[in-house]
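Novice: Have a look at this one before I ask anything.
The values are calculated or read from the model by the stated rules, or taken from the named source; none is laboratory data. Predicted, not measured: the structure shown is a model, and the values here were computed from it. Just the protein is used for accessible areas: all its heavy atoms, side chains included, with ligands, DNA and RNA removed. Shrake-Rupley method; radii C 1.70, N 1.55, O 1.52, S 1.80 Å.
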Amino acid sequence: QAAMYMQNSGTIIANDKDIERISILSANLEKIGATNVIVVRHDGVQLCEKLKKLNFKADKILADVPCSGEGNLRSSPKTLLTWNIKVIQRLSRIQRKIAESALSVLKEGGELLYSTCTHSPEENELNIQYLLDNYNLKIEKINLPLKCREGITAWRGQKLNQELKKCCRIWPQDNNTEGFFLCKMKKVGGEKCKK
């Protein structure tokens with residue numbers, strides 16, 4: 001879809017660690033005639049480190065991070081068998097590392113779209129709060145042709161940034177879809193905020 005919107009101009013780097021997903025992506029890109037996509041298989045953090053060494057800067061980054069998959073329970077009930085709070089905590093740390101690495105190769109004024117298929121605030125709003133606390137970012141409103149609920153601004157007694165309302169929570173019962181979380185952020189300043 002990104003290649004279509006870009007009319008096969010510019011360059012898209014599509015990365016995934018999973019070879020099966022890469023195979024499906026490559027086949028789909030060939031079917032639609034997308035010629036502006038480079039498909040790579042890397043750990044996301046390591047890929048960003050390599051790109052950073054090359055002084056590469058991206059205009060836009062979609063970080064569809066690995067998650068606990070709570071949003072997929074309707075189509076994949078087996079997700080419940082692996083779900084537990086330790087998994088969520090481990091994934092949350094991985095997600096933050098990926099998002100921070102992505103920010104390191106994002107141009108000033110560039111946009112990062114953070115995406116999960118889970119409902120867990122630890123994997124969603126709490127990660128975005130962390131990024132807001134440590135980087136010069138501005139959350140931008142997302143407009144989709146789906147019912148989108150606001151992000152939460154409090155969790156387990158912790159008050160969060162009111163800007164998190166601009167995040168998008170897509171609930172299965174609202175759209176007859178899987179569940180998703182999206183947050184679009186613009187990089188408005190240098191790498192780290194000075195605290």
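Novice: Cα-based Rg of segment 59-174 per 2.2 N^0.38 Å, rounded to two decimals?
Specialist: In units of the 2.2 N^0.38 Å rule of thumb, it is 1.06.
Novice: Could I ask something else about it? Using a Cα-Cα cut-off of under 16 Å, which lysines could be cross-linked to Lys97, ignoring same-chain neighbours fewer than 8 residues away?
Specialist: Counting by Cα, and skipping residues close in sequence, Lys97 has these lysines nearby: Lys17, Lys50, Lys52, Lys192.
Novice: Sticking with this one: Report, to two decimal places, the Cα Rg of segment 1-90 normalised by 2.2 N^0.38 Å (N = number of residues).
Specialist: Rounded to two decimals, the normalised Rg is 1.32.
Novice: To continue, here is another question. Taking amide hydrogens as modeled 1.01 Å from N in the peptide plane, which residues meet the under 5 Å criterion relative to Val39, leaving out close sequence neighbours?
Specialist: Ala14
Novice: Run the numbers on the chain and let me know its relative contact order in percent, using alpha-carbon pairs under 8 Å that are six or more apart.
Specialist: The value is 21 percent.
Novice: Working with all protein chains in place, sort Met6, Met185 by solvent-accessible area computed with a 1.4 Å probe, largest first.
Specialist: Putting Met6, Met185 in descending order of accessible area: Met6, Met185.
Novice: Let me ask another. Considering only C-alpha atoms, what is the centroid distance from segment 10-59 to segment 152-170, in Å?
Specialist: 31 Å
Novice: Does segment 64-108 come out rounded, prolate or oblate, given a ≥ b ≥ c as the square roots of the eigenvalues of its C-alpha gyration tensor, rounded meaning a/c under 1.5 and, failing that, prolate meaning a/b above b/c?
Specialist: oblate
Novice: So what is the 222 nm mean residue ellipticity for the chain from helices alone, if each DSSP H run of at least 4 adds -39500 (n - 2.57) and you divide by all residues, rounding to the nearest 500 deg cm²/dmol?
Specialist: Dividing the helical sum by the residues of the chain leaves -9500 deg cm²/dmol.
Novice: Within the accessible area of the chain, what % is carbon and sulfur when the probe is 1.4 Å and the other protein chains stay in place?
Specialist: 54 percent
Novice: Further, regarding this structure: Would you work out the relative contact order for segment 36-110, in percent, from Cα pairs under 8 angstrom that are 6 or more residues apart?
Specialist: Reported as a whole number, the value is 50 percent.
Novice: Relative contact order for segment 79-140: what percent, with Cα pairs under 8 Å and sequence separation of 6 or more?
Specialist: After rounding, I find 37 percent.
Novice: Based on the alpha-carbon gyration tensor of segment 1-50 and its eigenvalue square roots a ≥ b ≥ c, which shape applies: rounded if a/c is under 1.5, prolate if not and a/b is larger than b/c, or oblate?
Specialist: It comes out oblate by the Cα gyration axes.
Novice: Next question, about the same structure. Can you work out D for the chain in µm² s⁻¹ from Stokes-Einstein, where Rh is the Kirkwood radius over C-alpha pairs, the temperature is 20 °C and the viscosity is 1.002 mPa s?
Specialist: 121 µm²/s
Novice: GNM, the chain, Cα, under 10 Å: largest mean-square fluctuation among Leu131, Leu25, Leu62?
Specialist: Comparing Leu131, Leu25, Leu62 in the GNM, the peak value goes to Leu25.
Novice: Below 21 Å, Cα to Cα, which lysines can Lys78 reach? Residues fewer than 8 away in the same chain don't count.
Specialist: Filter leaves Lys86.
Novice: Taking a ≥ b ≥ c as the square roots of the eigenvalues of the Cα gyration tensor of segment 115-195, is the shape rounded (a/c under 1.5), prolate (a/b larger than b/c) or oblate?
Specialist: Here segment 115-195 falls in the prolate category.
Novice: Sticking with this one: Which residues' amide hydrogens lie under 5 Å from the amide hydrogen of Leu106, considering only partners 5 or more residues apart or on another chain, with H built in the peptide plane?
Specialist: The answer is Ala58.
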